[in-house]
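Take a look at the structure set out below.
The values are calculated or read from the model by the stated rules, or taken from the named source; none is laboratory data. The model shown is predicted, which means the values in this text are computed figures rather than measured ones. FYI the Cβ positions are ideal-geometry reconstructions off the backbone, even for glycines, and counts take in every protein chain you see.
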Amino acid sequence: MIQNQLQIIGNKIEDLLETNHREPYSAKLLAVSKHHPSQAIQIAYTAGQRAFGENYAQEMGDKAEQLADLDIEWHFIGPIQSNKTKLIANTAHWVHSVDRFKIARRLSEQKPDDHPDINICLQVNIDNEATKSGILLNQLEGLAAQVSTLAGLKLRGLMAIPMAHSNPKQQAQSFAQLRKALENLNQKGYQLDTLSMGMSNDMPIAIAEGATIVRIGTAIFGQRID
Ligand SMILES: *Cc1c(COP(=O)(O)O)cnc(C)c1O
């Protein structure tokens, strides 16, 4: 089941890239395994999946310990409390959800010397939603400037979880805004290559708008209780 779904989604990503005149393999599948057991990760790993996304620091730390023999790339994608940064800095190869300098500074300070540099995406609150994490677009440049100075971190790009729209055109607009924000930073001299956007329900639109990492949970692992 998990193997089949991985294959189906992998094929779908390549089809979508081709349809949108993008390079093969220019969007990567992040398998979001939150609230699914380590055995599910093990099955996906055996099927060839290497990048896994988790939302809870403790859960990611526990799974990384249980699966320490596997060559997994761990991505942290959930909201970050400052008392959890150490756990995250010990394990994560990527953190997609940095939205304030304090969190980035703590990750930089707490990363063990023998842990590779952590790839960072800044999370943008693209639709200005009061309940969502993420920095507002008009503060993004300031945060990028601060984060890019920190040792042990590598600023790679932007992440967003847009509001769900039933109208695909409106949905596409949110993703397009994130892409423009990345282009804007690159025009100012940054060299960012990552747009982390698109989940099980909106992956095709995200890929059409330039996603380079799609974060897919339910469509791979099935429903979770959360
Ligand atoms: C849970 C989660 C996902 C995966 O969502 P699905 O709808 O299950 O594909 C992606 N990104 C973030 C930030 C999440 O929290």
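Scanning segment 199-210 for residues that are touching a residue at least 60 places away in the same chain (Cβ under 8 Å) and buried (at least 22 other Cβ atoms within 10 Å of the Cβ), we see that the one that is farthest from the ligand (Cβ to nearest atom) is 207. The set of residues in segment 104-146 being under 18 Å from residue 213 (Cβ atoms) and among the charged types (D, E, K, R) consists of 117 alone.
The single condition among (1) part of a helix (DSSP H, G or I); (2) more than 13 Å from the ligand (Cβ to nearest atom); (3) not acidic (Asp, Glu) that residue 24 does not meet is (1).
Does residue 129 count as of a type in the set (D, E, K, R), at pLDDT below 95 and surrounded by fewer than 17 Cβ atoms within 10 Å (Cβ to Cβ)? Answer is yes for this residue. Close contacts from segment 211-225, counting a first residue that is closer than 18 Å to residue 171 by Cβ and among the basic types (Lys, Arg) and a second that is within 6 Å of the ligand (Cβ to nearest atom) and not in a strand (DSSP E or B), with Cβ to Cβ under 9 Å and a gap of 6+ residues or different chains, come to 215/77; 215/161; 215/199; 215/200. Considering segment 68-96, the residues that are hydrophobic (A, V, I, L, M, F, W, C) and under 15 Å from residue 29 (Cα atoms) include one that is nearest to the ligand (Cβ to nearest atom), namely 77.
Among the conditions (1) in contact with a helix residue (DSSP H, G or I) (Cβ under 6 Å, 6 or more places away or on another chain); (2) within 11 Å of the ligand (Cβ to nearest atom), the only one that residue 153 does not satisfy is (2). State whether one or more residues within segment 91-112 are assigned to a loop (DSSP other than H, G, I, E, B) and farther than 23 Å from residue 134 by Cβ. Yes, there is a match, as at least one residue in segment 91-112 is assigned to a loop (DSSP other than H, G, I, E, B) and farther than 23 Å from residue 134 by Cβ.
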